[in-house]
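Structure record follows, encoded as structure tokens.
The values are calculated or read from the model by the stated rules, or taken from the named source; none is laboratory data. All values derive from a computational prediction rather than experimental measurement. Neighbour counts are summed over all protein chains in view; Cβ atoms, including those assigned to glycine, are modelled from backbone coordinates with ideal geometry.
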Amino acid sequence: MLASYKLLNQYVKVDDQNPEELAEKITRIGHEVEGHHPLALGTKLVVGYVKECIDHPDSDHLHICQVEVAPGEVTQIVCGAPNVAAGEKVIVALPGCELHAGKISAGKIRGAESNGMICSIAELIEDQRLLREEDKAGIHVLDQDAPVGVEALSYLGLDDFIMDIGLTPNRSDCMAMTSLAHEVAALLKRDVTYPEVKKYDEKESEIQVNVETDLCPFFGAKLVKGVSTHESPAWLRNFLLASGIKPINNIVDISNFVMVETGQPIHMYDYDKLTKKAFTIKTGFDTEETMLDGEKYKIEPSDIIVSTDDGIGCIAGVMGAESTKIDDTTTNIIIEAATFDGATLRATARRLNLLTDASQHYIKGAIDTANSLHVLDRCADLLVQLADAKEVYKTVHTPLHIEPKVVETSVARTNGLLGTSFTAQEIADVFERLHFSYESDGENFKVTIPTYRNDISMDADLTEEVARLYGYDNLPNTLPFMSMTEGILSDKQAKEKMIRKTLADLGLHEVLTYTLTSAETVNDFNLFHDNDETVTLMSPLNEERAVVRKSLLPALLTTIKYNLDHSNKDVNIFELANTYSRQDKEISNLAIACTGRYVDIPWLNESKQVDFYLVKGFVETLFDKLGISNKRYTFTKVERDNKDFHPGRSGYIRFGKKIVGVIGEVHPAKAKAYGVDEVYVAELNLTEVLNLRTSALKFTAIPTYPEVSRDLALVVDATTPAQDILTTILKSAKILVDAKIFDVYEGEHVEEGKKSIAISLRFQDPTKTLDEESITKAMHAILERVKKEFNAVIRQ
Amino acid sequence: MDELKRIGEEALKKIQEATDLKELNDARVSYLGKKSPIQAAMKQMRDMSKEERANFGKISNEVKQSIAKKVEAKKAELEALALEAKIESEDIDISLPARRLPAGSLHPITIVKNDLENLFLGMGYEVAEGPEVETDHYNFELMNLPKGHPARDMQDTFYIDENTLMRTHTSPVQAHVMLDKIANGGAQPIKVICPGKTYRRDDDDATHSHQFAQCEGLVVDKNITMADLKGTLELFVKKMFGEKREIRLRPSYFPFTEPSVEVDISCGNCGGKGCSMCKGTGWIEILGAGMVNPHVLEMCGYDPQVWQGFAFGIGLERVAMLKYDIDNIRDFYNDDLRFLNQFSGEE
């Protein structure tokens, strides 16, 4: 909200305060002044008198003027405005003057010397939306009695300073300048002056008010007759300009000004346009109506309507109807001040895209209903003073009984929450500064809260008042005094941290990608959420971010694509994040994606392209670190018709039958769709993996008897998984302690469709030195077994 | 005798002239071997008198010893030369790049999260997590934001259905933690931080992101005060940004805390004097905090007449941006390797 320094000064004395320092102080009590600026910019602006004005000989629109800029001091200024003429009093920007559009300097215009500029209002005020056409069309002509040489902004009353305050939602009451004035008064320890409202000898009116909905707790209407419409006085226009409101005419300006002053939106009806002088406030209309901006709007049954003559008089708190609006010919006015339900109004205003200033006051809860009758009197008084109203009638209104709230607190409660040692007197002092009345026995307080402070309802609220007015800088710094606690990560958290650290140490970069993705790709690579329903946003910002992801791989491929497009060719990344499907299913996923090279040291001629086995190595390292032995899981190839993964180069990681992850190459067709090339990936269901039983490390004594090695080359079907052979071999002989593949070969000298696997075997007996006989026996057992299970023969 | 001496001198000369170990060995063999001229000369001993023989024997021994000694000395000399030559030939350019293992990195948001966890774990806090797909009840209602509350406008929300949404802050984890305690033996003291992802319906630009990370803090006991909050936050700021940084609390409003404050940190760029980074104020907004609103305590099963506590919410991107001088929030989500590589050394 915009707050005028000069308007604020009407209610609390601030004109002895430096505006910028005041802004900082206001920020420190909780109303953040997000910006501040003068209403009109310009340092060297004076009232001038155009003594002479002739056409520029070298131009069809410029004038050469002799302008008196100080008593007796005449200077030449070239002016292009069509309305400049000799004998006018004008605003002159002298050389050196800085306007929002730039700096004025002396110079020559088409050969004629010019020592300044004659200004329009548009050149002084930056926000052009607030200006009338005439302010922009030509220079501003001052009254004839304007004294030559005086500072023009103060002469015009535009020497104001504007603070842009970001009010917190609980303090919308400060949208009323009187309420803001109370804050400043408490800050500066000063009093608040309310404007004097003259009481008139009021007659009874024939207006009737009938409220038929709970959504309107109060409705008041006041008839004023005999007004005339014209321009508002300068002070009123300037206050509105400084409040960011465009001045229109005296009637409209008064209603806007009263809202700025009191926070209460005012609506006005043309009395003579109403056949029945009655207002009914209700819901349930389902129609279309032309409103006062000339546009047609659809009205829904949930909208609160002020109904006149059985039709739409006003969409409550939002906008009045064309049929009842006041215009230049209006003489008799009904002023409305009412309270409407903010939430309902918000729905209406949003739907109609009419978040007007007035509706914002209701939506944000700026209204002090208890003050409504006074607001109507203030409005009527201004209409008498500024719009020549002749007759003021008694306000017709619904019952108004609002008891001020009484909130209790104590010295102990206050200090107990703040950790301070304020005395009862210091606390009482805050209530006095805020003009809260209270009763106290020296320990307990009963505080009566002014009706405009709708944010205070409990002792913590009063404690906040004490803290913010004394200043949080004055609070001591302590640490919580509590019983000792352990302060360690949970098992899951510690493991996740270890996984991140391990993968980073292995040379992978951790990435952070978006949880929200497109419906189109949400089922790509989805392995753990099966056919569970996708979590879909009701109103996404765009199609790209419309659903919650089920796999991290699409985002990792997109990240790879982004990097390839930015000349980062070797991309080895991972991410650990949650994925979701409906039915409260949350899975913690870990995904790895690698493309390009893993090792690259060109001058040593060492370069290692990423491949399946690299990613498999990352995954197995993690399992090792998690204490999950490789005897507990198996790899099985993905389905031949898998669309996400390369069927020949990808496999599931299984614990028993359960799939807990996948490792493989992205299916070339899928890779193409994502704009990437050969990418090797892995994705694990960490929720499952971290729940697996982990084995504690068991130490085995270093054997004292020597070991014996034997090599074995087997020929098997090319499709037989080598791991299966190893697993079988290891089960075949007790004295066999290890078996390692050291060569795999397909091609010349090996039958078509077969492969040769060379395995190095290590035998050992912990109790004695092995003899040749037991080794031969073991070798025999191994060969029998692999022959039986895999039809394997020794390679000749 | 003179013959012996002559041979001896000749031998020493040959040895001295040897340029490598082979020549030296050849010289050794030819003067000390079975066919050496010394051996030949010694054959004359048979014809000598006893005295002459003794003398001859003595001299020939001396000659042989001096040759052997010379050979050893020359050998050591040649070996030293050979080693020197070998070392010379093995010179490398140590300025060439190292054969380093591939260097990965943690994401800066993870690094900042680790920093926070380490700091608060050290003070006995636990780390709690909650769901990112959250209910309206936890995200809003239990945080004292009933339907129609004007502050709901502050947090434009991605709704999934009427009762489900992407959480807009990590504050609902407060409610999860408190209600968990109530369900497991009743109200007990709490000291917890809750880092996690949060979502708001914001268009992405340099300063806004529809997804961002927060870290909530919650401490509840019977005597926790605002001064404890201030002391804790000051400690956090000094540990995270350096001992010279100061904090400033400004009154503010959050529905789930009362009193509520915004916390500013003195600008590290200008030291508080005012510069373009802090928009001339000398202060930079860093987090929101306050005393847990009694309504929140009550809804989460903690009697506000008995229990009180503080809560704070830290934006992790904000912390990372200030700590590392990053000015575009999109950098965190683009995951450009040229960005990520810079965090290689950090944990």
Next item on the list: Evaluate the stretch B:93-102: report whether one residue or more is under 20 Å from the mean Cα position of the chain (by Cα) and either surrounded by 13 or more Cβ atoms within 10 Å (Cβ to Cβ) or away from every other protein chain (no Cβ under 14 Å) (or both).
Entry: yes
Checklist line | Cβ-Cβ under 6 Å pairs, at least 6 apart or on other chains, the stretch A:199-215 side closer than 11 Å to A:PHE279 by Cβ, far side in a loop (DSSP other than H, G, I, E, B) | finding: A:ILE207/A:LYS277; A:VAL211/A:THR398
Next item on the list: Give B:ILE190, B:ILE247 a once-over and let me know the one that is of a type outside the set (D, E, K, R), touching a helix residue (DSSP H, G or I) at 6+ places or on another chain (Cβ under 9 Å) and at pLDDT below 95.
Entry: B:ILE247
Notebook entry, point to check: Could you say which residue among B:VAL63, B:VAL112 is over 30 Å from B:MET178 (Cα atoms), more than 10 Å from chain A (Cβ to nearest Cβ) and touching a residue at least 12 places away in the same chain (Cβ under 8 Å)?
Noted result: B:VAL63
Notebook entry, point to check: Residues in the stretch B:115-125: is at least one away from every other protein chain (no Cβ under 11 Å) and closer than 27 Å to A:LEU345 by Cβ?
Noted result: no
Notebook entry, point to check: Pick from B:GLU298, B:GLU258: which is over 23 Å from A:MET484 (Cα atoms) and in contact (Cβ under 8 Å) with a residue 24 or more places away in the chain?
Noted result: B:GLU258
Next item on the list: Only residues that are touching a residue at least 40 places away in the same chain (Cβ under 8 Å), of a type in the set (Ser, Thr, Tyr), within 10 Å of chain B (Cβ to nearest Cβ) and farther than 22 Å from B:ILE109 by Cα: list them for the stretch A:560-597, please.
Entry: A:SER581
Note to self: Restricting to the stretch B:140-189, and then to whatever is among the polar types (S, T, N, Q) and more than 27 Å from A:ARG545 (Cα to Cα), can you tell me which residue is surrounded by the fewest Cβ atoms within 10 Å (Cβ to Cβ)?
What the structure shows: B:ASN184
Item checked: Count - residues of the stretch B:211-227 that are among the β-branched types (Val, Ile, Thr) and either under 29 Å from A:VAL547 (Cα atoms) or in a strand (DSSP E or B) (or both) -> 2
Check: Within the stretch A:658-701, how many residues are charged (D, E, K, R) and either under 25 Å from A:ASN578 (Cβ atoms) or part of a strand (DSSP E or B) (or both)?
Finding: 6
Next item on the list: For the stretch A:510-521, state whether one or more residues are touching a residue at least 60 places away in the same chain (Cβ under 8 Å) and assigned to a strand (DSSP E or B).
Entry: yes
Next item on the list: Go through the residues of the stretch B:287-300 one by one and say whether even a single one is closer than 29 Å to A:ARG468 by Cβ, more than 10 Å from chain A (Cβ to nearest Cβ) and either part of a loop (DSSP other than H, G, I, E, B) or within 26 Å of the chain's Cα centre (by Cα) (or both).
Entry: yes
Checklist line | Total residues in the stretch A:688-731, condition under 30 Å from A:ASN589 (Cα atoms), hydrophobic (A, V, I, L, M, F, W, C) and touching a residue at least 40 places away in the same chain (Cβ under 8 Å) | finding: 5
Check: Among the listed residues A:THR515, A:THR559, A:THR485, which satisfies the condition of being surrounded by fewer than 21 Cβ atoms within 10 Å (Cβ to Cβ) and among the hydroxyl-bearing types (Ser, Thr, Tyr)?
Finding: A:THR485
Note to self: Considering only residues that are touching a residue at least 40 places away in the same chain (Cβ under 8 Å) and surrounded by fewer than 19 Cβ atoms within 10 Å (Cβ to Cβ), which ones fall in the stretch A:672-687?
What the structure shows: A:TYR674, A:GLY675, A:ASP677, A:GLU678, A:THR687
Item checked: Residue in the stretch A:223-232 that is within 24 Å of A:HIS361 (Cα to Cα) and in contact with a strand residue (DSSP E or B) (Cβ under 6 Å, 6 or more places away or on another chain) present -> yes
Check: Do the conditions hold for B:LYS273, that is, is it without any contact (Cβ under 8 Å) to a residue 12 or more places away in the chain, part of a loop (DSSP other than H, G, I, E, B) and either at the interface with another protein chain (Cβ under 10 Å from one of its Cβ atoms) or at positive phi (or both)?
Finding: no
Note to self: Could you tell me how many of the residues in the stretch A:525-556 are away from every other protein chain (no Cβ under 12 Å) and surrounded by fewer than 20 Cβ atoms within 10 Å (Cβ to Cβ)?
What the structure shows: 4
Note to self: I need the full set of residues from the stretch A:53-79 which are in a strand (DSSP E or B) and under 23 Å from A:TYR155 (Cα atoms), in order please.
What the structure shows: A:CYS65, A:GLN66, A:VAL67, A:GLU68, A:VAL69, A:ALA70, A:GLU73, A:VAL74, A:THR75, A:GLN76, A:ILE77, A:CYS79
Note to self: Restricting to the stretch A:439-465, give me the number of residues that are part of a helix (DSSP H, G or I) and facing chain B (nearest Cβ under 9 Å).
What the structure shows: 6
Notebook entry, point to check: Out of all the residues in the stretch A:629-658, which are aromatic (Phe, Trp, Tyr) and closer than 22 Å to A:LEU557 by Cβ?
Noted result: A:PHE645, A:TYR652
Margin query: Looking only at the stretch B:222-270, filter to residues that are small (Gly, Ala, Ser) and away from every other protein chain (no Cβ under 13 Å); which one of those is nearest to B:GLN308 (Cα to Cα)?
Written below: B:GLY242
Notebook entry, point to check: Applying the selection to the stretch A:487-496, what residues are facing another protein chain (nearest Cβ under 7 Å) and not small (Gly, Ala, Ser)?
Noted result: A:ILE488, A:LEU489, A:GLN493
Item checked: Odd one out for B:ILE284 among (1) in contact (Cβ under 8 Å) with a residue 40 or more places away in the chain; (2) within 14 Å of chain A (Cβ to nearest Cβ); (3) of a type in the set (A, V, I, L, M, F, W, C); (4) farther than 16 Å from B:VAL219 by Cα -> (1)
Notebook entry, point to check: So which strands (runs of 3 or more DSSP E) stay within the stretch A:557-656 end to end and still have 1 or more residues that are under 17 Å from A:ALA504 (Cβ atoms)?
Noted result: A:571-581, A:585-595, A:597-601
Note to self: Checking the conditions here, which among B:GLY280, B:GLY313, B:GLY271 is surrounded by fewer than 16 Cβ atoms within 10 Å (Cβ to Cβ), within 31 Å of the chain's Cα centre (by Cα) and assigned by TED's automatic domain parsing to the domain that holds B:GLU117?
What the structure shows: B:GLY271
Margin query: With the requirement that a residue be surrounded by 15 or more Cβ atoms within 10 Å (Cβ to Cβ) and either of a type outside the set (A, V, I, L, M) or within 23 Å of A:ASP677 (Cα to Cα) (or both), what does the stretch A:587-600 give you?
Written below: A:SER588, A:ASN589, A:LEU590, A:ALA591, A:ILE592, A:ALA593, A:CYS594, A:THR595, A:GLY596, A:ARG597, A:TYR598, A:VAL599
Item checked: the stretch B:252-268 - residue that is part of a loop (DSSP other than H, G, I, E, B) and closer than 30 Å to B:PRO304 by Cα and, of those, farthest from the chain's Cα centre (by Cα) -> B:PRO255
